[in-house]
Amino acid sequence: MGFFNKLFHHETEKTTEKYIYITDMVCQNCAEHVTQSLKAIPGVHKVNVNLTKGQAKVKIADSVCDDTLFKAVVNAGYTVTKISLQPKE
């Protein structure tokens, strides 16, 4: 891969937005802990945790599987109830 391809690789990489529904988050520190756990995964480009909704919206490379997201949140000490391509209505 050439220099410019490496520099701009993230723009050509296929990405997906997913919603992770999480219980047991009770404070902003919990939300930050989940955020950092998800950001540590290679291929996770953006994380937005909403404490009130109990959800994390992530923009990820298509190569990142649900199991990896699940394990990151569970290893941070929280419970995942669902991972979806759609937000809750």
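Scanning segment 23-39 for residues that are buried (at least 16 other Cβ atoms within 10 Å of the Cβ) and either assigned to a loop (DSSP other than H, G, I, E, B) or touching a residue at least 40 places away in the same chain (Cβ under 8 Å) (or both) yields a count of 4. For segment 43-86, a residue qualifies if it is touching an Asp or Glu at 6+ places or on another chain (Cβ under 9 Å) and more than 12 Å from ILE22 (Cβ to Cβ), and the qualifying residues are GLY43, HIS45, LYS46, LYS59, ILE60, ALA61, ASP62, SER63, LEU85. The number of residues in segment 73-87 that are among the aliphatic types (A, V, I, L, M), surrounded by 12 or more Cβ atoms within 10 Å (Cβ to Cβ) and over 11 Å from MET25 (Cα atoms) comes to 2.
Restricting attention to segment 1-22, the residues that are farther than 30 Å from VAL74 by Cα, of a type outside the set (A, V, I, L, M, F, W, C) and either at pLDDT 95 or above or outside any helix (DSSP H, G or I) (or both) total 1.
Within segment 48-67, restricting attention to residues that are within 9 Å of the chain's Cα centre (by Cα) and not aliphatic (A, V, I, L, M), the residue that is nearest to LYS14 (Cα to Cα) is LYS59. Total residues in segment 40-63 satisfying the condition of being more than 13 Å from LEU85 (Cα to Cα), in contact (Cβ under 8 Å) with a residue 24 or more places away in the chain and in a loop (DSSP other than H, G, I, E, B): the figure is 5.
The values are calculated or read from the model by the stated rules, or taken from the named source; none is laboratory data. Quick caveat, the model's predicted, so the values are computed rather than measured. Reconstructed Cβ throughout: ideal geometry from the backbone, glycine too, with neighbour counts over all protein chains shown.
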